[in-house]
Amino acid sequence: MIISGSASQVLAAELAAELDESLASVEYERFPDGELLASAPGFADEGDDHRAVVVASTVSSDAHVELLQLQDAVREWGAEEVVTVLPYMGYARQDDAFERGHPVSARAVARAISSGTDRVLTVNPHEDAVCDFFDVPAESVGAADRLAAPLPSDLADPVFLSPDDGALDIAESVRDAYGAGEVDYFEKTRLSGTEVEMTPSDTDVAGRDVVVTDDIIATGSTMSEAVGILGEKGAGRVFVTCVHPMLAADAYAKLSRAGVEAIYGTDTIERAVSEVSVAPVIAEEL
Ligand code: R5P
């Protein structure tokens, strides 16, 4: 049976359909003092399969707590196996103690999540090594190749660019799935949480359609800088794709102002641009 966190209801429903499993009824409540109470009252009644698959993108601190509560609730009901699907794993980018005295936040949340599950599955974490932080078997699946589907079929002499060399494999996956095009990357230096400096690649983009691909759009600083540079270099249409469309604060407006043609993301984070479902990729691993 599939149990959904409140931020992953669309994906959980897709996954239930994909696996032909039922979707448990779930309640999300909040007490007057702000504390959460997420519960799965229907878990015991609605299925005879005692594997619980909790699907919850940890997009906020509340979503983290909700996930821990749902894991505990299904154990209370007697679930024999709990599988936790983290379509988007929050805090995954804090995978090191970047300054003396800092926590390794990804490890801290991974340990907490491990305590309520037998297995973890996540999608395109910032670094695959984050899976090692879990105390239970954890694996990542890649969904980048699915990002080619919404792209127009008539891209002009396309170039698939990643904003830095770390996301080059994602750009390659999108290009391979699209079936044609050159692949390259920018050099990126992060100046602060919301500012980046990017050096254009040598690839001539004049008159060509460009697809910029990354694992995540958070503040949109990286992508809007890339789109702006491509505009200055005379690129044709510029599309932006990512696995995790966090689109925090004014990210969407920033990208629109920069001149992006369209933004496509997956449903690991449910936003207006989440045109692509990762359900089939997750279903295959479950
Ligand atoms: C960092 O290396 C990631 O791959 C993304 O490029 C980055 O996190 C995007 O963040 P933002 O949208 O805030 O620039």
**Q.** Test: Leu168 is within 16 Å of the ligand (Cβ to nearest atom), farther than 13 Å from Val240 by Cβ and either basic (Lys, Arg) or surrounded by 14 or more Cβ atoms within 10 Å (Cβ to Cβ) (or both)
**A.** yes
Q | The lone exception for Arg257 - which of (1) within 13 Å of the ligand (Cβ to nearest atom); (2) charged (D, E, K, R); (3) assigned to a helix (DSSP H, G or I) it fails | A | (1)
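Mind telling me which of the residues Ala12, Ala40, Ala7 ends up being more than 14 Å from Val120 (Cα to Cα), in contact (Cβ under 8 Å) with a residue 40 or more places away in the chain and out of contact with any Asp or Glu (no Cβ under 7 Å at 6 or more places or on another chain)? Spell out the reasoning first.
Details: Ala40 fails: in contact (Cβ under 8 Å) with a residue 40 or more places away in the chain; Ala7 fails: out of contact with any Asp or Glu (no Cβ under 7 Å at 6 or more places or on another chain).
Just one listed residue meets the conditions, Ala12.
Among Val174, Val212, which is assigned to a strand (DSSP E or B) and of a type in the set (A, V, I, L, M)?
Values: Val174 fails: assigned to a strand (DSSP E or B).
That would be Val212, the only listed residue that is assigned to a strand (DSSP E or B) and of a type in the set (A, V, I, L, M).
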Q.
For region 130-165, give me each residue that is within 16 Å of the ligand (Cβ to nearest atom) and within 23 Å of Thr222 (Cα to Cα).
A. Val130, Gly142, Ala143, Ala144, Leu147, Phe160, Leu161, Ser162, Pro163, Asp164, Asp165
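Output the residues belonging to region 214-229 that are under 10 Å from the mean Cα position of the chain (by Cα) and of a type outside the set (Asp, Glu).
In the first step, residues of region 214-229 are kept if they are under 10 Å from the mean Cα position of the chain (by Cα); the result is 215-217.
Of everything in region 214-229, those that are under 10 Å from the mean Cα position of the chain (by Cα) and of a type outside the set (Asp, Glu) turn out to be Ile216, Ile217.
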Q: Please indicate, with yes or no, whether at least one residue in region 55-72 is modelled with pLDDT under 95, more than 19 Å from the chain's Cα centre (by Cα) and surrounded by fewer than 19 Cβ atoms within 10 Å (Cβ to Cβ).
A: no
Q) Pairs, please: C-beta under 9 Å, at least 6 apart or cross-chain, first residue over 23 Å from Arg146 (Cβ atoms) and more than 15 Å from the ligand (Cβ to nearest atom) and in region 175-200, second in a loop (DSSP other than H, G, I, E, B) and not basic (Lys, Arg)? A) Pro200/Phe186
(Q) Could you go through region 127-138 and let me know if any residue there is closer than 28 Å to Ala272 by Cβ and of a type in the set (Phe, Trp, Tyr). (A) no
Q. Pick from region 148-165 the residues that are at pLDDT below 95 and assigned to a loop (DSSP other than H, G, I, E, B): which of them is surrounded by the most Cβ atoms within 10 Å (Cβ to Cβ)?
A. Pro163
(Q) I'm trying to understand the selection: among the residues of region 229-252, which are out of contact with any Ser or Thr (no Cβ under 8 Å at 6 or more places or on another chain), within 13 Å of the ligand (Cβ to nearest atom) and part of a helix (DSSP H, G or I)? (A) Tyr252
Q: Look through Glu270, Glu284 and report the one residue that is modelled with pLDDT of 95 or more and surrounded by fewer than 18 Cβ atoms within 10 Å (Cβ to Cβ).
A: Glu284
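Output the residue which, of all residues in region 177-205 that are polar (S, T, N, Q) and part of a loop (DSSP other than H, G, I, E, B), is nearest to Glu275 (Cα to Cα).
Let us first name the residues in region 177-205 that are polar (S, T, N, Q), namely 189, 192, 194, 199, 201, 203.
In the following step, the residues that additionally are part of a loop (DSSP other than H, G, I, E, B) were identified as 192, 194, 201, 203.
On the way: Ser192: 30, Thr194: 26, Ser201: 29, Thr203: 29 Å.
Among those residues, the one meeting the criterion is Thr194.
Residue check: is Arg190 over 21 Å from Pro125 (Cβ atoms) and either modelled with pLDDT under 95 or under 23 Å from the mean Cα position of the chain (by Cα) (or both)?
On the way: over 21 Å from Pro125 (Cβ atoms): no; either modelled with pLDDT under 95 or under 23 Å from the mean Cα position of the chain (by Cα) (or both): yes.
It is false that Arg190 is over 21 Å from Pro125 (Cβ atoms) and either modelled with pLDDT under 95 or under 23 Å from the mean Cα position of the chain (by Cα) (or both).
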Q. (1) surrounded by fewer than 20 Cβ atoms within 10 Å (Cβ to Cβ); (2) more than 30 Å from Asp209 (Cα to Cα); (3) in contact (Cβ under 8 Å) with a residue 24 or more places away in the chain: which one isn't true of Val136, the others all being true?
A. (3)
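The values are calculated or read from the model by the stated rules, or taken from the named source; none is laboratory data. Bear in mind the structure is a predicted one, so any value in this text is a computation, not a measurement. All Cβ positions, even for glycine, are placed from backbone atoms using ideal geometry, and neighbour counts span all protein chains on display.
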